[in-house]
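Report on the structure given below.
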Amino acid sequence: MSFRKIHLRKLLAAFGATEQRLVSMLRADIRAEIDKESGQGGGGDFHTPFWSDAKSYVLNGTDFDLSTKARVAANGRRKRLYPLLYNGFMDWWINKRRFTNEKIDPYPTDIKAQVIDKGLDVTIKVENFLGLSVGEGGKRFIYPYFSEHPALSDTNARLGLWLISRAFTEHHIEDFRILDVLRGDSFSTQDCQFQGDEELIFQRLYRRLLHRWDKLRAEY
């Protein structure tokens, strides 16, 4: 089931969801799982083409506005959210980056990891970063959060950064950011300092999701 092997961004959205939205997310996931089991393939990730274009804009200088419009023209389902995501990303890229005064260069990277929690029997995937070289030898690894609802809270950003710190022990967690793309807001450990209870909260919230998933699955 996909909630047992899940992208971190989707998990954080579930952590912050209202009760009504959480049930909707879980039911959609269950239906997708049933379709998969019956051999019916689903569509691709809604946000992947957008993020690919955003990275290409930063790393290769491609026309992001043009590529966004082309994506919308190719699929009408993107008509509302893709322009909002574009505006949020550009607001962050142009106006909100905290390292604006430092020299910034593309830093192509393909770092990815899977964090396995044997106690919960789950795997969390952490991948598809935007890499930047900042100043003299500095780096930033930008992890995207796409959900329209809920916005990424400080608490859930802290949990996400904690999970990232477990996934990439060879890097400094201070080099990572989680970007709420739609709102153009980024989160670092400077914004959301670890308090030592991250693992406890993470597992409690995740265990609750799994319990709800199993209970709802029994209705199908």
Scanning segment 131-145 for residues that are out of contact with any Ser or Thr (no Cβ under 8 Å at 6 or more places or on another chain) and open to solvent by less than 20 Å² (accessible area, probe 1.4 Å), the one farthest from ASP105 (Cα to Cα) turns out to be TYR145
Can you name the number of the only condition in (1) in contact with a strand residue (DSSP E or B) (Cβ under 7 Å, 6 or more places away or on another chain); (2) in a helix (DSSP H, G or I) that TRP213 fails? (1)
Hey, among ASP91, ASP29, which residue is among the acidic types (Asp, Glu) and open to solvent by less than 30 Å² (accessible area, probe 1.4 Å)? ASP29
Whichever residue in segment 13-26 is touching a residue at least 24 places away in the same chain (Cβ under 8 Å), assigned to a helix (DSSP H, G or I) and of a type in the set (Gly, Ala, Ser) and, among such residues, is most open to solvent (accessible area, probe 1.4 Å): GLY16
The lone condition GLY61 fails out of (1) at negative phi; (2) open to solvent by 30 Å² or more (accessible area, probe 1.4 Å); (3) at pLDDT below 95 is (1)
Select from segment 161-210 the residues that are among the charged types (D, E, K, R), surrounded by fewer than 14 Cβ atoms within 10 Å (Cβ to Cβ) and not in a helix (DSSP H, G or I) and list them in ascending order. GLU170, ASP197
Within segment 42-122, considering only helices (runs of 4 or more DSSP H) that don't extend past its boundaries, which have at least 3 residues that are hydroxyl-bearing (Ser, Thr, Tyr)? 48-60
Among LYS10, LYS36, LYS69, the single one that is touching a Gly at 6+ places or on another chain (Cβ under 9 Å) and either over 20 Å from PHE146 (Cα atoms) or open to solvent by 60 Å² or more (accessible area, probe 1.4 Å) (or both) is LYS36
Taking segment 139-164 only, how many residues are out of contact with any Phe, Trp or Tyr (no Cβ under 8 Å at 6 or more places or on another chain) and farther than 17 Å from TRP93 by Cα? 7
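The values are calculated or read from the model by the stated rules, or taken from the named source; none is laboratory data. All figures in this text were calculated on a predicted structure; none of them were measured in a lab. Heads up, the Cβs are rebuilt from the backbone with ideal geometry, glycines too, and the neighbour counts pull from every protein chain shown. Ligands, DNA and RNA are stripped out before the accessible areas are found, and what is left, the full protein with its side chains, is counted by its heavy atoms. Shrake-Rupley method; radii C 1.70, N 1.55, O 1.52, S 1.80 Å.
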